[in-house]
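Remarks on the structure that follows.
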Amino acid sequence: MQTSHGSGLAGRPPLPHHGGWPGEGRLPWKGRIFMKHVMFLVVGLLLASSLPTQAAQVRARTYVVGADVDASGHVTGTQVDADVPANIAGVLAGAVKQWAFVPATRDGKPVRAHTFIRAKLQVAPDASGHSTVRIYFMGNGPKFDETNVPPRYPLDAARAHQQAFVMLDATVQPDGSLTDMTVHSRSRRWPLPRAFTTSVLQAARQWHATPERVDGQAVATHMRIPMNFTLSDQPLSAAQADAMREALREEMSTAKAKGGHFGDLFQSDQPVALDSPLQPRALAANTH
């Protein structure tokens with residue numbers, strides 16, 4: 001979540017439709033990801049026309065796809081939001097169904113489960129004039145409601161030119177509420193003013209999420225949610241930049257170890273499931 005001073009609610013709650021994010025902390029992966037992305041070669045800009053324009057005509061967006069996973073760990077069904085264009089929904093569903101998970105278990109036995117996969121769709125033109133579409137696995141876990149209101153930038157902190165890179169640790173309960181919330185700085189070397197903690201907790205107490213399910217029953221999932229409070233006219237000091245570079249290196253190492261796609265962590269705004277009952281096992285490559 002990126003929060004900037006000026007609009008009061010600048011930035012957004014943890015929504016599915018924003019840039020990539022590996023968060024801080026190592027997930028307890030039970031398996032190994034063999035491929036990092038599914039690649040599709042698409043003639044023309046059919047998909048690109050549905051995505052926001054970025055530099056050099058590269059376009060990207062992150063979507064949340066509901067996934068039914070059977071007792072062998074294979075994705076057997078997908079659910080894409082109704083407002084996603086049909087051409088993109090089809091590509092997302094096709095990619096997600098190529099991915100596999102370590103099966104969820106109940107009483108020591110593999111069972112079916114349901115999770116929400118964050119998939120980043122990136123479209124870029126190639127030398128032949130066609131478009132290359134890549135689907136990156138960004139993580140999985142509960143799905144946060146799009147109506148969740150992000151925290152406000154504390155007015156006193158803005159006046160004092162204070163900025164913060166924050167992590168919220170919380171548990172999404174089976175009823176979708178958030179509990180066990182704690183807030184800490186993204187960098188151990190960057191003290192976190194109390195005003196930011198207060199703002200984050202006030203907002204998060206009102207949030208709701210759709211939980212993951214194991215054998216048809218909703219389960220609790222521990223989450224780590226990044227939030228960045230930055231001022232557009234306030235550059236980082238040398239000490240702050242050095243502290244964030246150190247945090248960046250740690251998070252990059254964690255992201256690579258997990259096999260996920262590594263993006264711009266300072267702009268990251270998506271939550272990480274620390275103990276999802278479904279852990280990635282394989283992301284098979286597919287080319288069209």
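The values are calculated or read from the model by the stated rules, or taken from the named source; none is laboratory data. Note that the structure is a prediction, hence the values are computed from the model and not measured. With ideal geometry, Cβ positions are generated from the backbone for all residues, glycine too; neighbour counts draw on all protein chains shown. Calculation scope for accessible area: heavy atoms of the full protein, side chains included, ligands and nucleic acids excluded. Shrake-Rupley method; radii C 1.70, N 1.55, O 1.52, S 1.80 Å.
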Whole-Hz couplings from phi, Karplus 6.51/-1.76/1.60, listed for the range 224-234; x for Gly and Pro:
10, 10, x, 9, 10, 9, 10, 9, 4, 9, 10
To the nearest 10 Å², what's Lys97's accessible area with a 1.4 Å probe?
100 Å²
Here, Arg189 and Thr210, labelled 7 Å along Cα→Cβ, have an inter-label distance in nm of 4.2 nm
Starting from the coordinates of the alpha-carbon atoms of the range 198-238, obtain the Kirkwood hydrodynamic radius over all distinct pairs and give the value in Å to one decimal.
13.9 Å
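Run the accessible area of the range 74-118 with a 1.4 Å probe and give the carbon-and-sulfur part as a rounded percent. Could you put the intermediate results ahead of the total?
Values: 1070 of 2040 Å².
Within the range 74-118, the accessible surface is 52 percent carbon and sulfur.
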Mean accessible surface per residue for the range 112-172, computed with a 1.4 Å probe while every protein chain stays in place, in Å²:
36 Å²
Pairwise label distance in nanometres, Gln98 with Asp126, each label 7 Å out on the Cα-Cβ vector
1.3 nm
Cross-link reach from Lys143 to aspartates and glutamates, straight Cα distance under 17 Å and at least 8 residues apart if same chain, gives Asp68, Asp81, Asp83, Asp169, Asp175, Glu212, Asp269, Asp275
For the range 173-185, just list the computed ³J(HN,Hα) in residue order, Karplus coefficients 6.51, -1.76 and 1.60, θ = phi - 60°, integers in Hz, with x standing in for Gly and Pro.
7, x, 8, x, 7, 9, 9, 6, 8, 9, 10, 8, 6
Full-extension gain between Asp175 and Asp68, please, as 0.36 nm times their residue separation minus the C-alpha to C-alpha distance.
36.6 nm
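What's the FRET efficiency of Ser237 with Leu201 using the Cβ-Cβ distance as r and R₀ = 35 Å, to the nearest 0.05? Before the final figure, lay out each step's value.
Numbers: r = 27 Å, r/R0 = 0.76.
E between Ser237 and Leu201, to the nearest 0.05, is 0.85.
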